[in-house]
Amino acid sequence: MAIYAIGDIQGCYDDLQRLLEKIDFNKNTDQLWFVGDLVNRGPKSLETLRFVKSLGDAAICVLGNHDLHLLAVAYKHSPIRTKDTLNSILHAKDKDELLHWLRHRPLFHYNDDFCMLHAGLPPQWDFSMAKKMAAKVEQELRGDSYVKFFKQMYGNGPDKWSEKLKGYEQLRFAVNCFSRMRFCDEKGRLDFKFNGKPGSQPKNLIPWFDLPNRKNAHLKIIFGHWSALGYHHSNNCHAIDTGCLWGGQLTALQLDAQMHRISVDCEGYRVPNH
């Protein structure tokens, strides 16, 4: 069985189909790992969501910030934004079924060799803590109080991990790491103001995967989210958001000893003003 990790799709359904044709994907023998952000900004979020759901066990998808935003919008705890392209899902006849499926996706997935998440891990978390915190958020998303959770999900604080964090503050920090993280300071304090390429950031900021003494440094981590970073491999981490939405590429990374990378060029999409 071949396993392919695929970068942020964001509704670019046609590009996804071209990529799957290029890798000769067979849902009966292969498995796809999606790093999140299945939806939003691209033209075919509904088609993408339906397709990935239809793959059943042949697809594993972790939640990205745009996927969580869709859920928050659908459950009336976030306004739809000017650049969102979510209306096709919000008015679909199978909306409830799709949202239920999305709400039950993980934040953190792993096998014996690799871990996958959308954005990043704080330096204080080892593998056990990452699993624990993902499970706590997933329990909220899948439980009876999920609507209340979306009301508490947004915010940039707390910006640093502490064992003293409790309740929604702890959950919000975890969500921000798994779905929004890019840069930190040397103490692991999250920064959400800068999203450019490494090397162009303020001097006090470090890409999360370059932080010294990172407790999860031994893990082989696959992530997306950071289109300005493009394909990047360092410190056991593979970044695979190669900016399909913006006219870059959509990338599949075969998770094996060779780590073969396959990409298709994407046209990019003009985000509508509505």
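Readers should treat all values here as calculations from the given coordinates under stated rules, not as data from a laboratory. Everything numeric in this text was worked out from a predicted model, so none of it was measured. Methodologically, a virtual Cβ is constructed for each residue, glycine included, from the backbone with ideal geometry; neighbour enumeration extends over all protein chains shown.
Filtering the stretch 169-186 to residues that are surrounded by fewer than 16 Cβ atoms within 10 Å (Cβ to Cβ) and in a helix (DSSP H, G or I) leaves only Glu169.
Exactly one condition in (1) surrounded by 16 or more Cβ atoms within 10 Å (Cβ to Cβ); (2) within 30 Å of Leu19 (Cα to Cα); (3) of a type outside the set (Val, Ile, Thr) is false for Arg214; which is it? All conditions are met except number (2). Only residues that are surrounded by fewer than 16 Cβ atoms within 10 Å (Cβ to Cβ) and of a type in the set (Lys, Arg) were counted in the stretch 77-120, giving 4. Selection within the stretch 195-254: residues that are touching a Ser or Thr at 6+ places or on another chain (Cβ under 6 Å) and of a type in the set (S, T, N, Q). The member of this set that is farthest from Asp24 (Cα to Cα) is Thr242. Exactly one residue out of Leu90, Leu107 is among the aliphatic types (A, V, I, L, M), more than 25 Å from Leu255 (Cα to Cα) and out of contact with any Ser or Thr (no Cβ under 7 Å at 6 or more places or on another chain): that is Leu90. Taking the stretch 233-244 as the range and being touching a helix residue (DSSP H, G or I) at 6+ places or on another chain (Cβ under 9 Å) and within 14 Å of Gly36 (Cβ to Cβ) as the test, the residues that pass are Ala239, Cys244.
When the helices (runs of 4 or more DSSP H) confined to the stretch 74-148 are screened for residues that are in contact (Cβ under 8 Å) with a residue 24 or more places away in the chain and closer than 23 Å to His238 by Cβ, those reaching at least 2 such residues are found at 127-142. For Tyr154, indicate whether it is of a type outside the set (Val, Ile, Thr), part of a loop (DSSP other than H, G, I, E, B) and over 21 Å from Pro123 (Cβ atoms). So Tyr154 fits the description; yes. Selection of first residues in the stretch 242-257 that are part of a helix (DSSP H, G or I) and of second residues that are aromatic (Phe, Trp, Tyr), restricted to Cβ pairs under 8 Å at least 6 apart or on distinct chains, gives the following pairs, ordered by first then second residue: Leu245/Tyr269.
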